[in-house]
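Some notes on the structure that comes next.
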Amino acid sequence: MRTHVVLHKISRWVSHAGMAMAIIMMLMVVVDVVMRFVLNKPILGSVELASYMLSIIAFTAIPFVESEEEHIVIPLLFDRFPKKVRLFVNTLVSVIGLGILVLIGLASYLLAAEYLHRGKVTQVLSIPLYPFVFIAALCISLYAIILIVNAIKYIYLNR
């Protein structure tokens, strides 16, 4: 199986996990609102849980968007450039993006390790923070790998 096909399947699975998290978060918010206004007993830490769930949802979507190559582009301008200019711009953007992703990914892994070592937890429910940061780091790493594969594929197909 080709690398980009495998990465696409992995990114799809990761995005489905994010979608499941979104459903769980929506159900929790609905139950919280009903309990708050009907029984006057909201779910303890629901805002905290929702914010961390939202971070998972956001980071799990990013690799899938890259694997689908569904970025925001301005084809009206970009398509008018000569083929070599488009290839250069795409390569340059991929290299810069990869550099940024490596820095963010490395910082995220280091932060997750620090949170694990220090036992850092959330304020209300005392949930460990390192799993959330580690999930973000994994998704950033997957995004970087897909970016590399897409850049190589683009360069190979357009030379």
TODO: Name the one entry in Glu48, Glu66 that is among the charged types (D, E, K, R), in a helix (DSSP H, G or I), within 14 Å of Cys139 (Cβ to Cβ) and touching a Leu at 6+ places or on another chain (Cβ under 7 Å).
DONE: Glu66
Open item on the list: Among (1) over 17 Å from the mean Cα position of the chain (by Cα); (2) free of Cβ contacts under 8 Å to residues at least 24 places away in the same chain; (3) under 20 Å from Ser46 (Cα atoms), there is one condition Pro131 misses while meeting the rest; what is its number?
Closed with: (1)
Task: Options Tyr143, Tyr109: the member that is surrounded by 11 or more Cβ atoms within 10 Å (Cβ to Cβ), part of a helix (DSSP H, G or I), in contact with an Asp or Glu (Cβ under 7 Å, 6 or more places away or on another chain) and at pLDDT 90 or above - done: Tyr143
Task: Subset of region 36-55 [free of Cβ contacts under 8 Å to residues at least 24 places away in the same chain and within 16 Å of the chain's Cα centre (by Cα)] - done: Ser51
Task: Cross-chain or 6+ apart pairs with Cβ under 8 Å, region 56-82 first and on the phi < 0 side of the Ramachandran plot and at pLDDT below 85, then part of a loop (DSSP other than H, G, I, E, B) and surrounded by fewer than 17 Cβ atoms within 10 Å (Cβ to Cβ) - done: none
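The values are calculated or read from the model by the stated rules, or taken from the named source; none is laboratory data. Values in this document were obtained by computation on a predicted structure and should not be read as measured data. Every residue, glycine among them, receives a Cβ derived from its backbone with ideal geometry; neighbour counts consider all protein chains shown.
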